[in-house]
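The values are calculated or read from the model by the stated rules, or taken from the named source; none is laboratory data. Every value quoted in this text rests on a predicted model; they were computed, and no experiment measured them. Please note: Cβ atoms are built from the backbone with ideal geometry, for glycine as well, and neighbour counts cover all protein chains shown.
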Amino acid sequence: MKSGSGDFVEASQGVDPVAGATVKPDLEDPRVVLSLLETDQVVAAKQKTRFGRKELSLGVRVLLWGMRIYVVVMLVLVVISVFRALHPMH
Amino acid sequence: MLWLLVGPGVLVFLGENDAPSMLSYSATGARFGVGFFIPFVVLTFLMGLVVQEMTVRLGAVTHRGHAELIFDRFGRFWGFFSMGDLVLGNFLTLITEFIGIRAGLGFFGVRPVIAVGVGLVVVMAAITTGRYWTWERITLGLAIFNGLFIPAAILAHPDWSAVGHAMLTWTPLPKGSGSEILLLILADIGATVTPWMIFFQQSAVVDKGMQPRDINAGRFDTLLGSVLAAVFAIAAILATVPLFHHGIDASQFQAAQFAEAIDPWIGHTGAALFALGIFEAGIVAAIAISTSSAYAFGEVMQTGHSLNRPVRDAWPFYSTLLGSACAAAGLVLIPRAPLEFVVLTVNVIAVLAMPPALAFLMLLVNDRDIMGEYVNGFWGNAAGITVTVLLICVGIGFGLATVFPRLLGG
């Protein structure tokens with residue numbers, strides 16, 4: 001899916017075919033800008049523009065901490081389980 | 001046309017049909033025969049399809065890899081936690097891929113050091129192309145050989161009416177120790193739904209240069225990958241069903257031992273195809289998983305992280321890729337290394353690490369600021385939440401069975 005004719009179609013959406021005048025694409029929207037670039041340009045552009053931090057609500061923070069505790073507890077249980085499997089009690 | 005459409009979706013699913021996954025399917029067939037686990041495996045691939053479709057949209061719309069997005073939107077604290085899960089899971093899985101490579105070629109009498117060396121050479125050859133497209137075609141070409149399990153299954157002369165009956169009725173139900181059944185359920189889910197798949201496919205979609213207009217092609221690619229991988233997984237189950245019928249205890253078998261054990265029942269050709277399939281599964285997954293680690297490392301460190309970049313421009317990316325592969329390969333060659341520990345835990349850890357990865361995925365794909373009109377719809381969220389809850393329940397079941405071993409008759 002490298003840039004090719006498909007890109008031309010998308011890029012040409014900024015041209016009004018009836019009036020023949022060029023309509024400027026919305027360059028404020030980073031997704032529009034990225035869709036107009038070649039792959040190498042996308043890589044370069046991404047180094048300069050980053051999505052900002054998302055404001056995490058209390059619910060999201062509780063969810064993420066809950067998941068984190070879940071993983072830590074489960075990893076401990078995995079270690080216990082494997083220890084038992086490798087050292088079966090007679 | 002099909003060859004042009006396929007890409008990260010087929011690659012990620014056939015990559016996940018890796019050595020430990022095929023070992024899990026083989027163990028399932030040998031232990032329980034044809035029954036509940038046939039449709040259950042199809043269900044796990046459906047779960048995988050739901051998850052992986054979201055990564056296609058995320059990558060095509062944001063042009064960012066998964067690790068990069070988590071760091072951007074949630075900050076370094078959560079980013080490093082997420083990376084920790086990925087790095088641990090990927091490295092353990094990579095070790096099992098080289099165990100599979102060694103075991104697969106070991107069936108043909110190839111010495112371990114040569115088998116592992118062949119694996120490393122293939123990983124290196126794939127990345128020296130300098131283009132994502134060429135790398136993807138080479139890896140896809142290798143991944144097609146996952147289909148070797150199909151002739152192996154046919155040589156096992158499966159009872160197709162029993163397969164059809166199992167697909168429709170989910171019976172016969174597995175009999176035996178509850179903890180053993182639960183462990184195989186965990187292993188079979190972990191053989192299909194894992195964190196590295198999320199990170200890999202999103203990064204590969206970005207590296208391929210997919211745009212929002214390519215999302216439908218990406219969906220088709222992902223659907224095709226899940227169907228192919230499900231068929232090959234069921235073939236692996238069917239290939240080892242003769243062990244179930246002849247009452248052979250396969251609970252302690254490793255990959256090559258399955259090939260040796262089925263030799264008397266499906267013939268040497270079938271057993272050789274099975275062993276080659278294990279070798280192929282290890283090779284393709286070693287390429288995909290080492291690349292997944294390298295993508296994530298490059299995204300987090302904000303260094304070049306594309307297979308389109310020459311080595312001199314993206315040497316940290318290529319170093320991570322090759323370094324992780326070499327370290328895993330080296331560990332496999334250490335005498336008396338606790339490899340059994342790794343094989344036992346890798347799929348279980350993948351399942352247990354999945355709910356947090358899914359939580360990040362669901363939060364990102366519902367983030368209208370970055371996804372715009374491509375945010376999840378109702379059904380996407382319903383399916384994603386169902387998969388997450390199911391995985392948490394299975395994980396809690398594992399936890400209870402570990403703390404109270406007698407609870408499930410273990």
**OP:** Those residues that are within 14 Å of chain A (Cβ to nearest Cβ) and among the aliphatic types (A, V, I, L, M), I need them from region B:40-70; list them, please.
**Re:** B:V56, B:L58, B:A60, B:V61, B:A67, B:L69, B:I70
Original post:
Among helices (runs of 4 or more DSSP H) lying entirely in region B:115-222, which contain 3 or more residues that are under 20 Å from B:L46 (Cβ atoms)?
Top reply: B:160-169, B:178-190, B:195-208
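Yes or no, residue by residue, for (1) within 15 Å of the chain's Cα centre (by Cα); (2) closer than 14 Å to B:P195 by Cβ:
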residue	(1), (2)
B:T62	no, no
B:G65	no, yes
B:R73	no, no
B:R76	no, no
B:S82	no, yes
B:D85	no, yes
B:G89	yes, yes
B:L92	yes, yes
Original post:
Do we have any residue at all in region B:394-401 that's more than 10 Å from every other protein chain (Cβ to nearest Cβ) and at pLDDT 85 or above?
Top reply: yes
